[in-house]
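The values are calculated or read from the model by the stated rules, or taken from the named source; none is laboratory data. Please read these numbers as outputs of a predicted model, since none were measured by experiment. Note: ideal-geometry Cβ built from the backbone for every residue, glycine included; neighbour counts use all protein chains shown. For the accessible areas, the whole protein counts, side chains as well, though only heavy atoms, and no ligand, DNA or RNA atoms are used. Shrake-Rupley method; radii C 1.70, N 1.55, O 1.52, S 1.80 Å.
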Amino acid sequence: MSDISSAGEGRATPETVEILQQRRTIRKFVDKPIEPDVVDAIEQAARQTATSESLSAWSVVRVKDPETRAEIARICGHARIARAPLLYVFLVDQHRNLRIAQELGVDPDGASLRSSNIFLQGYADAVLAVHATETAAEAFGLGAVILGSVHNDVPRIVELLHLPSNVFPVLGLGLGYPAKVPELKPRPPKEYQYFDDVYPDDAQTPSMVKALSQYDEDVHDYYERRNPDNPLQGFTSYVAALAQSKLVEQGHIFQSIEDQGFRID
């Protein structure tokens, strides 16, 4: 599967670890359906994902309708998504639990299941389920693309999928057999993501731009190979450009969360 064959002291690297270390985003798939038993195994693996408060406050819509797929692809800005053999949208789902509570005499308007804290727990559960699904799929030789871009137009996603109150789209996930496996994308240096005991004081790294200069070069070289006509200049310049863009305001996400019945206190 990869050229990683050991994990120090002569230990073989477990296959699951190799899968995670070699993870790539796949955006183009071959025209081949995923076998039903493979889909079932992937979904069964995801259902065992850790869940906060044992609420299992997530669910999934398998998007099969061609017109709905095409509209989601438009929203996400990637036409190829419509051709993914399997397309999921993962959801925070407290609608199911609120129905249970109401049947057992709880006033749904005052139920804590609509609180911001419980919403965030359900959101985390859904993200964990996406990751489990992706890893399980890759164990079967499939590729995956995670679609945070479903948030580009939350009201339209809600409309398309007929989402009731207290259900909110978290991430899309396209799965299929890869048509092409891209080069492994570089990641930030480990010492700037993993810390011992406490978060480091800024004085330890007076300039993040200087500290990440080699990573900037690695990112630039990676994108120059992928898109030589318009390569990304580097990670730090990308961060600065994104920080002053309007992208983070797109879709009024907190209003959309409240529109679905959750309380963002």
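Brief remarks on what is shown
- Residue list for segment 123-144, given a label point 7 angstrom along the Cα-to-Cβ vector of ARG226 and an amide N cut-off under 14 Å: 144
- Dividing the summed helix terms, -39500 (n - 2.57) for each DSSP H run of n ≥ 4, by the number of residues in the chain produces a 222 nm estimate of -11500 deg cm²/dmol to the nearest 500.
- Coupling constants for segment 41-49 follow from the phi torsions by the Karplus curve (6.51 cos²θ - 1.76 cosθ + 1.60, θ = phi - 60°), and in residue order they are 5, 5, 5, 5, 5, 5, 5, 8, 4 Hz; glycine and proline get x.
- Among the listed pairs LYS28/LYS190; LYS64/LYS180; LYS64/LYS246, a Cα-Cα separation exceeding 28 Å is found for LYS28/LYS190; LYS64/LYS246.
- Ranking of PHE254, PHE235, PHE29, PHE90 by solvent-accessible surface, largest first: PHE254, PHE235, PHE29, PHE90 (1.4 Å probe, protein heavy atoms only, all chains present).
- Cα gyration tensor category, rounded, prolate or oblate, for segment 188-265 with a/c compared to 1.5: oblate
- Most mobile of VAL219, VAL60, VAL39 in a GNM of the chain (Cα contacts under 10 Å): VAL219
- When only Cα pairs below 8 angstrom with a gap of at least 6 residues are kept, the chain shows a relative contact order of 23 percent.
- Over segment 66-197, relative contact order from alpha-carbon pairs under 8 Å, at least 6 apart, %: 34 percent
- Residues whose amide H lies under 5 Å from that of ASN166, counting only those 5 or more places away or on a different chain, are GLY261, PHE262; hydrogens are built 1.01 Å from N in the peptide plane.
- These residues, ILE100, ILE72, go from largest to smallest accessible area, 1.4 Å probe, as ILE100, ILE72.
- Computed from backbone phi with θ = phi - 60° and the Karplus coefficients 6.51, -1.76 and 1.60, the 3J(HN,Hα) list for segment 107-112 is 6, x, 5, x, 5, 5 Hz; x is used for glycine and proline.
- Segment ALA241-LEU104, extension gain: residue separation times 0.36 nm, minus the distance between their alpha carbons: 44.2 nm
- Residues whose amide H lies under 5 Å from that of GLY143, counting only those 5 or more places away or on a different chain, are GLY176, TYR177; hydrogens are built 1.01 Å from N in the peptide plane.
- Mean separation of Cα contacts under 8 Å (6+ apart) over length of segment 138-265, as relative contact order %: 27 percent
- Theoretical gain in end-to-end length, GLU258 to GLN214 [0.36 nm per residue, Cα-Cα removed]: 11.6 nm
- For LEU86, residues with placed amide H under 5 Å, excluding near neighbours: LEU175
- For segment 168-173, backbone phi angles converted through the Karplus equation (6.51, -1.76, 1.60; θ = phi - 60°) give residue-by-residue couplings of 9, x, 10, 8, x, 8 Hz, Gly and Pro being listed as x.
- Classified by the C-alpha gyration tensor, segment 195-234 has a prolate form. Its axis ratio a/c, with a ≥ b ≥ c, is 1.5 or above, and a/b is larger than b/c.
- Gyration tensor verdict on segment 11-64 (Cα atoms; rounded if a/c is under 1.5, prolate if a/b is larger than b/c, oblate otherwise): oblate
- Here the peptides 150-157, 120-127 are ranked by packing, the mean other Cβ count within 10 Å, and the order with the highest first is 120-127, 150-157.
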